[in-house]
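Note sheet for the following structure.
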Amino acid sequence: MELTLKKYEVQIIFHAAAYKHVPLVETNPIEGILNNILTTKTVCEISENLNIKEIILLSSDKAVRPTSVMGVTKRISELIFQAFSEKVKKEGHPAVKYSMVRFGNVLGSSGSVVPLFKEQIANGGPISITHPEVTRYFMTITEAAQLVLQAAVLSKGGDLFLLDMGEPIKIVKLAEQMIALSGKAISKG
């Protein structure tokens, strides 16, 4: 990674590399920890070594009071960014600016539940819902990209940017709406 960043003289890093699927990380917690936490630490260290101008972590709303291994790994990633930002401030190292953007679910992304529900509906069900009271915030890919770019412009270092995503939506309600829009009916089992 360091050689690539040097070769292309990278100035800004958008650190989006992470496992974001809760079931994937719950099934493979060690891999989730290695990928989400240790990679974040490595990226921060390399940024510091190379005097990268700015690095932005794409985090998750699941980092707020986390209830899953994935949420915990994203929260720890945020804490790593905050620690590096504090270190920069203490050492007067003005070259690197660490900041974070916290997302809800991005509709149409590989981490979104929407493609999974579409596939499950097309196959005749059932739809996988972990708990009937689970709620999520949703945003479009365009909104997510705009948030990241705004964070890059507005960041002073150590910032955590949050998007006002309105009210959370119950996953069950989303599933019901998708079933209805697909022209199918919910069968009570």
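The values are calculated or read from the model by the stated rules, or taken from the named source; none is laboratory data. All figures in this text were calculated on a predicted structure; none of them were measured in a lab. Cβ sites come from the backbone with ideal geometry, for glycine too, and all protein chains shown count toward neighbours. Calculation scope for accessible area: heavy atoms of the full protein, side chains included, ligands and nucleic acids excluded. Shrake-Rupley method; radii C 1.70, N 1.55, O 1.52, S 1.80 Å.
Hey, does segment 117-133 have a residue that's surrounded by 15 or more Cβ atoms within 10 Å (Cβ to Cβ), out of contact with any Ser or Thr (no Cβ under 9 Å at 6 or more places or on another chain) and at pLDDT below 80? So far as segment 117-133 goes, no, none of its residues is surrounded by 15 or more Cβ atoms within 10 Å (Cβ to Cβ), out of contact with any Ser or Thr (no Cβ under 9 Å at 6 or more places or on another chain) and at pLDDT below 80.
Taking each residue of segment 35-47 that is within 12 Å of Val96 (Cα to Cα) and looking for partners that are in a helix (DSSP H, G or I) with beta-carbon atoms closer than 7 Å, six or more apart or interchain, yields Cys44/Ile80; Cys44/Phe81; Cys44/Phe84; Ile46/Glu2; Ile46/Leu5.
For Thr27, the test of being at pLDDT 90 or above and open to solvent by 70 Å² or more (accessible area, probe 1.4 Å) is failed. Is segment 73-87 home to any residue that is in contact with a Cys (Cβ under 8 Å, 6 or more places away or on another chain) and assigned to a strand (DSSP E or B)? Looking for residues that are in contact with a Cys (Cβ under 8 Å, 6 or more places away or on another chain) and assigned to a strand (DSSP E or B), one finds none in segment 73-87, hence no. Among the residues making up segment 30-72, those that are assigned to a loop (DSSP other than H, G, I, E, B) and modelled with pLDDT of 85 or more are Asn51, Ile52, Lys53, Arg65.
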